[in-house]
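The values are calculated or read from the model by the stated rules, or taken from the named source; none is laboratory data. Predicted model, so just to flag it, every value in this text is computed and none were measured. Here Cβ is always computed from backbone atoms with ideal geometry, including for glycine, and neighbour counts include all displayed protein chains. What goes into the accessible areas is simple: the full protein's heavy atoms, side chains included, and nothing from ligands, DNA or RNA. Shrake-Rupley method; radii C 1.70, N 1.55, O 1.52, S 1.80 Å.
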Amino acid sequence: SQRVRSFPAVAGVYYCMALSLYPEAAYEEVFAVISQGLAWARSAPQPATVGKSSISALRSRIGHPPLRTLMSQACVPLADAKAHPAAFYAGLRLMAIDGSNFEVPDEVDNVEQFGYPGSRTGQAGYPQAQCAVLVECATHAIIDANIGPYRVSEWDVCEPLLASLAPDMLLMADRGFTGYLY
């Protein structure tokens with residue numbers, strides 16, 4: 001942040017992380033939890049109160065780059081060859097990649113970015129995104145993730161994750177991936 005605000009950028013990053021931990025909770029409820037935690041950390045008597053528009057504006061101001069940076073620093077392989085020998089095969093760290101679809105809030109930006117899936121009666125009630133993850137098999141640690149539109153192929157969403165592989169990794173995938181590129 002360049003200036004001190006009632007809702008600082010760091011609180012916004014915490015808020016965005018908490019939204020993924022409480023996907024079924026209302027935005028205001030998630031903010032209340034973050035606000036109480038920040039008040040406790042500052043030894044403040046009362047948590048900050050912020051309007052809905054401030055929450056929305058902060059999420060737009062922050063964007064995804066800080067969260068992507070945080071993910072790249074925090075989401076790393078965890079298995080140790082001595083402590084977790086089953087996490088390796090022939091000296092290679094066992095990794096897996098797969099995709100899945102999930103519903104996102106029915107908002108204009110989400111509809112434009114992800115789209116609605118079709119159904120025999122028209123379209124589904126909510127737009128859907130397709131998410132792909134690269135995980136370490138033994139620990140289930142997520143190493144990288146990518147989100148794309150519902151209508152693109154699973155491979156298109158998974159392919160960017162290959163950049164996160166290292167030469168000491170063995171990648172496993174399900175039957176939807178019928179070949180290899182490298």
If you take the alpha carbon radius of gyration of the chain and divide it by 2.2 N^0.38 Å, what ratio comes out, to two decimals?
1.25
Heavy-atom accessible area per residue of segment 35-182, all protein chains kept, 1.4 Å probe, expressed in Å², is 66 Å²
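Given the rule -39500 (n - 2.57) for each run of at least 4 DSSP H residues, summed and divided by the residues of the chain, what is its mean residue ellipticity at 222 nm, to the nearest 500 deg cm²/dmol?
Numbers: 6 runs with 61 residues, N = 182.
The helix-only estimate for the chain comes to -10000 deg cm²/dmol at 222 nm.
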What nm distance separates the two modelled labels at Tyr89 and Ser20, each placed 7 Å from Cα along Cα→Cβ?
2.7 nm
Set the Förster distance to 41 Å, then compute FRET efficiency between Trp40 and Thr69 from the Cβ-Cβ distance, nearest 0.05.
0.95
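Going by the alpha-carbon gyration tensor, a ≥ b ≥ c the square roots of its eigenvalues, is segment 83-149 rounded (a/c under 1.5) or, if a/c is not under 1.5, prolate (a/b greater than b/c) versus oblate?
Details: a/c = 4.38, a/b = 3.20, b/c = 1.37.
Here segment 83-149 falls in the prolate category.
What's the ranking of 93-100, 78-85 by average number of surrounding C-beta atoms within 10 Å, highest first? Intermediate values should be presented prior to the final figure.
Working: 93-100: 18.8, 78-85: 11.8.
Those peptides, ordered most packed to least, come out 93-100, 78-85.
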For segment 55-174, the accessible surface attributable to carbon and sulfur atoms (probe 1.4 angstrom, ligands and nucleic acids excluded) amounts in percent to 56 percent
